[in-house]
Amino acid sequence: QVQLVESGGGLVQPGGSLRLSCAASGFTFSSYAMSWYRQGPGKERELVAVIPSTGSTNYADSVKGRFTISRDNAKNTVYLQMNSLKPEDTAVYYCKARRLWTEHWGQGTQVTVSS
């Protein structure tokens, strides 16, 4: 049974940091590209960051220099380190696993940036 379980969300003040985690099970994690997406209030879901099975990471322009995606294949976990958070980063954050035509999504974790 495939599972992606996000954690680490919460309420943080502007300028603060959070680290999201996404624990995967039920598939060969190391073979999949992993991504973080987010969906803010009244907005469409958007890609935040991607880390392929091999190769370079990619980021949305809005988070470059502030967010870092990483993975630990031994722990079947992908992370999103978020620094210098802004109110516009408020969203539900989802992780996604993709390999060829197969995708798996997590249930999401809420991040709220507010003073």
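The values are calculated or read from the model by the stated rules, or taken from the named source; none is laboratory data. Computed from a predicted structure; not experimentally measured. Don't worry about glycine lacking a Cβ; one is built from the backbone with ideal geometry, like all the others, and counts go over all protein chains shown. The protein model used for the area step is the full one, side chains on, heavy atoms only, and it has no ligands, DNA or RNA in it. Shrake-Rupley method; radii C 1.70, N 1.55, O 1.52, S 1.80 Å.
Please indicate, with yes or no, whether at least one residue in the range 41-55 is more than 17 Å from Ala91 (Cβ to Cβ), surrounded by 13 or more Cβ atoms within 10 Å (Cβ to Cβ), in contact with a Leu (Cβ under 7 Å, 6 or more places away or on another chain) and of a type in the set (A, V, I, L, M, F, W, C). Looking for residues that are more than 17 Å from Ala91 (Cβ to Cβ), surrounded by 13 or more Cβ atoms within 10 Å (Cβ to Cβ), in contact with a Leu (Cβ under 7 Å, 6 or more places away or on another chain) and of a type in the set (A, V, I, L, M, F, W, C), one finds none in the range 41-55, hence no. None of Ser56, Ser70 is over 14 Å from the mean Cα position of the chain (by Cα) and without any contact (Cβ under 8 Å) to a residue 60 or more places away in the chain except Ser56. Quick one: would you say Glu103 is surrounded by fewer than 16 Cβ atoms within 10 Å (Cβ to Cβ) and not in a strand (DSSP E or B)? No; evaluated as a whole, the condition is false for this residue. Residues that are open to solvent by 50 Å² or more (accessible area, probe 1.4 Å) and aromatic (Phe, Trp, Tyr) within the range 56-86 comprise just one, Tyr59.
When Arg38 is tested against (1) within 10 Å of the chain's Cα centre (by Cα); (2) assigned to a loop (DSSP other than H, G, I, E, B), exactly one condition is not met: (2). Reported count of residues in the range 87-100, each being of a type in the set (Val, Ile, Thr) and either buried (at least 21 other Cβ atoms within 10 Å of the Cβ) or at pLDDT below 95 (or both), is 0.
Scanning the range 1-35 for residues that are at negative phi, assigned to a loop (DSSP other than H, G, I, E, B), more than 16 Å from the chain's Cα centre (by Cα) and among the small types (Gly, Ala, Ser) yields a total of 1. The number of residues in the range 77-105 being closer than 12 Å to Arg38 by Cβ and touching a Phe, Trp or Tyr at 6+ places or on another chain (Cβ under 7 Å) comes to 6.
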